[in-house]
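Right, one structure below, let's go through it.
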Amino acid sequence: MLARPMESRVHRLLRCRDLGGGSFALEVDGPIPPTAPGQFYMLRTEHRWPVQLPRPFSLYDRAPDGSWGSFLVKPVGEGTRALCSLSPGDGVVLNGPLGQPFPRDVADPVCVAGGVGLAPFLLLAREAKAKGAPVRLLFGGRNRAALAGLEDLEPLARVHTSTDDGSHGFRGMVTGLLEDMLQKGEVRAGDVVFCCGPDPMMHAVAKLCEKLGLRCFLSLETYMACGYGVCNGCSVRVQGARFKGWPYSKTCMEGPVYESCELVN
Amino acid sequence: MLQTTLGSLRLQNPILSASGTFGSGWEGRQFSDLGRTGGLVSKTVTVLPRHGNPPPRIQETPAGMLNSIGLENKGADWFLADTLPKMKQLAAGGAGPRIVINIGGESIDEFVQLAERFSAAGVDALEVNLSCPNVQEGRLLFSTEPRLTEQAVRAVKRVATVPVFAKLSPNVTDVTVIAKAAEQGGADGITAINTLIGMAIDWRKRRPILGRGIGGLSGPAIKPVALRMVHDIARTVRIPVIGVGGVRSADDVLEFVCAGARAVQVGTAMFTDPTLMVRIVDDLRERLAAAGTTIDELCGSVHRPVPPAPGACQPDQGRGACV
């Protein structure tokens with residue numbers, strides 16, 4: 001468990017940056033505590049939150065001094081719509097940082113993102129770039145518009161895109177792109193895959209990695225009530241030594257990142 | 001002003017966590033100073049570990065949520081060794097919140113075992129979960145049956161050396177009959193209410209959303225139901241009532257107190273705001289000071305004749321007779 005400070009604090013919205021494709025980067029003022037790639041925060045609006053439970057979001061970006069941070073939000077329901085219709089100066093309540101990040105000891109991971117699953121990879125790409133070893137990022141979407149945030153990542157990582165309609169990069173699914181890169185030698189045996197995206201995509205990536213013999217870590221998006229380990233509502237079925245025979249794991253505490261072989265079904 | 005008592009148990013204020021909504025308190029300790037709460041009620045502990053129900057386990061609903069956790073917990077041995085010491089740390093040697101352990105049994109024998117072990121472990125009180133809707137397993141819930149309620153409470157009381165509160169289900173025809181049975185069994189207090197059984201359906205999949213099909217409804221949606229039940233129970237029994245159901249603010253707390261609650265638990269709202277209990281404590285102090293009253297004075301006030309409005313002048317008494 002990371003010994004990082006968790007806190008609940010009201011932040012001010014600095015701006016809601018339109019990333020295209022219906023997604024926004026919600027930028028809030030600091031202090032944003034040090035947060036590792038893959039960790040998340042529970043968010044809600046300070047006033048007029050239209051639903052009961054806060055919503056979990058990976059931290060998208062953070063100023064090195066913590067003076068601001070941002071979250072990748074796509075308005076799909078009442079809660080996300082409320083967040084995206086805030087005006088600068090409005091309050092956003094953040095609880096976090098929460099959860100366990102992607103493994104910190106993987107030197108050159110192959111990052112695979114789908115849609116707003118891009119979120120945890122910006123911080124990771126920024127860290128790697130600072131060390132002079134930019135990561136490979138495979139970013140897939142239905143079409144060009146679905147690749148929201150691409151411009152943010154391009155300066156930071158070796159980005160390869162895929163679109164179902166071929167409007168940007170590789171034509172096809174991101175799994176096809178991964179196989180293609182393997183054939184070209186841009187992904188090699190022994191590489192470790194970090195993946196975040198819609199469930200069907202993560203299933204497909206995990207399955208492919210299993211076939212190719214690559215280790216694969218998935219950042220799950222699970223329905224959560226609390227985010228800090230008290231509701232037991234976000235449990236997923238797991239297997240493996242670290243769970244000591246317990247069949248369920250709380251995504252908010254032991255996740256949201258799991259190695260694919262730990263997840264049952 | 002904020003002090004309250006539950007039988008022999010003194011609380012620095014009437015705000016407790018509701019079982020199953022704040023873990024042991026330890027998980028959320030970094031968010032606020034829990035030393036300022038009235039009490040921490042543990043998630044239900046069972047004799048043996050329970051894995052809980054298959055996911056999905058929660059679903060948000062208008063003004064509330066459904067849960068079907070199924071009492072997932074690592075059992076009494078683990079709790080006594082690992083969790084209770086942490087709760088005692090939060091209790092700050094009795095200077096802070098009271099430690100209440102919620103116990104769940106599938107039989108009277110299990111309740112007795114748990115009551116013996118936790119009494120001996122030096123907790124402040126026991127809350128007997130007679131009412132979890134998520135673990136029925138074909139058997140009748142204790143708290144839907146007055147006779148079983150009375151038997152279970154009596155058996156627990158026989159071995160318990162600390163106050164015993166009975167947590168009741170709202171899923172009954174007349175909750176006052178069950179409350180009366182718990183009182184007859186010797187309960188030191190009644191906690192009301194547990195969740196209302198509900199369901200959510202995904203019509204596109206033609207299936208219930210929750211893994212187990214049904215779940216317990218909590219949150220603001222159930223507050224009016226809880227208030228009515230606390231009101232009716234308080235009128236029926238002589239033992240103290242702990243109100244719970246949809247509390248989000250100091251005003252909600254004071255409504256429960258007026259209905260007859262001596263203490264109030266904050267549940268689902270702790271998921272949304274882990275600092276809420278201490279914020280409510282602060283707000284309560286302000287509200288009571290502004291109204292010039294106390295928890296003690298307000299408790300059960302809806303059951304008494306309406307007092308004259310503050311500042312209203314009594315006729316024929318002239319100036320200076322305002323009350």
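The values are calculated or read from the model by the stated rules, or taken from the named source; none is laboratory data. This is a predicted model, so every value here is computed, not measured. As a convention, Cβ positions derive from the backbone with ideal geometry for all residues, glycine included, and neighbour counts pool all protein chains shown. We work out accessible area using only protein heavy atoms, side chains counted, and drop any ligands, DNA or RNA first. Shrake-Rupley method; radii C 1.70, N 1.55, O 1.52, S 1.80 Å.
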Only protein chains counted, 1.4 angstrom probe. Which residues of segment B:8-54 are at least 30 Å² less accessible in the assembly than when their chain is isolated? B:27, B:30, B:31, B:51
What spacing in nm lies between the two simple spin-label points modelled at residue B:173 and residue B:121, each 7 Å away from Cα in the Cβ direction? 3.9 nm
Mind counting lysine pairs for me in segment B:4-303? Cα separation below 29 Å, and the two need to be 8 or more apart along the chain or on different chains. 20
Just to verify a number: what accessible area does residue A:248 come out at with the full protein assembly present, 1.4 Å probe, Å² rounded to tens? 20 Å²
Within segment A:206-241, list the residues whose amide N lies under 17 Å from a label point set 7 Å along Cα→Cβ of residue B:78. A:229-241
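Net charge around residue B:8, counting only other residues with Cβ within less than 11 Å of its Cβ (Lys, Arg = +1; Asp, Glu = -1)? Intermediate results must be reported in sequence, preceding the final value.
On the way: positive: B:10; negative: B:124, B:188.
Charge balance near residue B:8 sits at -1.
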With everything on Cα atoms, drop me the angle between helix B:146-159 and the longest principal axis of chain B, reported from 0 to 90° to the nearest 10. 90 degrees
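Multiply the residue separation of residue A:87 and residue A:244 by 0.36 nm, subtract the distance between their alpha-carbon atoms, and state the gained length in nm to one decimal.
Details: separation 157, 0.36 × 157 = 56.52 nm, distance 4.69 nm.
Value of the extension gain: 51.8 nm.
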R0 = 35 Å: FRET efficiency of residue B:33 with residue B:10, Cβ-based, nearest 0.05? 0.95
Taking a point 7 angstrom from the Cα of residue B:228 along the C-beta vector, which residues in segment B:160-180 have backbone N less than 19 Å away? B:168-180
Applying 1/(1 + (r/R0)^6) with R0 = 56 Å to the Cβ-Cβ distance of residue A:183 and residue B:199, what FRET efficiency is obtained, to the nearest 0.05? 0.65
Using the Karplus equation 6.51 cos²θ - 1.76 cosθ + 1.60 (θ = phi - 60°), what ³J(HN,Hα) coupling, rounded to whole Hz, does each residue of segment A:21-30 give in order, writing x for Gly and Pro? x, x, 10, 10, 9, 8, 9, 10, 6, x
Using a basic spin-label model with each label point 7 Å from the Cα along Cα→Cβ, how many nm lie between residue B:109 and residue B:207? 3.7 nm
Excluding ligands and nucleic acids, what accessible area in Å² is computed for residue A:85 using a 1.4 Å probe, to the nearest 10? 90 Å²
Give the Kirkwood hydrodynamic radius (Å, one decimal) of segment B:4-303, defined as one over the mean of 1/r across all pairs of different Cα atoms. 18.9 Å
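Sum up the lysine pairs in chain A that clear both bars: alpha-carbon distance under 25 Å and a spacing of 8 or more or different chains. Numbers along the way, then the final one.
Values: A:74/A:250; A:129/A:184; A:184/A:207; A:184/A:211; A:207/A:244; A:207/A:250.
Going through chain A pair by pair, I get 6.
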Tell me, which cysteines of chain A are without a disulfide-compatible partner by the Cβ under 4.7 Å rule? A:16, A:84, A:111, A:195, A:196, A:234, A:252, A:261
Find the relative contact order for segment B:4-303 and round it to a whole percent, using C-alpha pairs within less than 8 Å whose residues are 6+ positions apart. 20 percent
For residue A:159, other-chain or 5+-apart residues with amide H closer than 5 Å (H placed, Pro excluded) are A:137
Mind giving me the nanometre distance, one decimal, between the label points for residue B:147 and residue B:88, set 7 Å out from Cα along Cα→Cβ? 4.1 nm
Taking a probe of 1.4 Å and leaving out DNA, RNA and ligands, segment A:207-261 shows per residue an accessible area in Å² of 41 Å²
Given the -39500 (n - 2.57) contribution per DSSP H run of 4+ residues, what per-residue ellipticity at 222 nm results for the protein assembly as shown, rounded to the nearest 500 deg cm²/dmol? -7000 deg cm²/dmol
Segment B:206-307, relative contact order [Cα under 8 Å, separation at least 6], %: 26 percent
Given a 1.4 Å probe and every protein chain left where it sits, what share in percent of the accessible area of the protein assembly as shown is carbon and sulfur? 52 percent
Residues whose placed amide H lies under 5 Å from that of residue B:31, excluding near-sequence neighbours: none
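Using a 10 Å cut-off on Cβ to Cβ distances, tally the other chain neighbours for every residue of A:240-250 and report the average as a whole number.
Values: counts 0, 0, 0, 0, 1, 2, 5, 4, 8, 0, 2.
Rounded to a whole number, the mean comes out at 2.
What number, in nm² with one decimal, is the all-direction average of the projected area of the convex hull of the alpha-carbon atoms of segment A:102-220? Working shown, then result.
Values: hull surface 25.9 nm².
Directional mean of the projected Cα hull area for segment A:102-220 stands at 6.5 nm².
Restricting attention to segment A:6-86, which trypsin sites (Lys or Arg not before Pro) occupy a DSSP loop and are surrounded by at most 10 other Cβ atoms within 10 Å? Before the final figure, lay out each step's value.
Details: sites: A:9, A:12, A:15, A:17, A:44, A:48, A:62, A:81; in loops: A:48.
Those satisfying the criteria are A:48.
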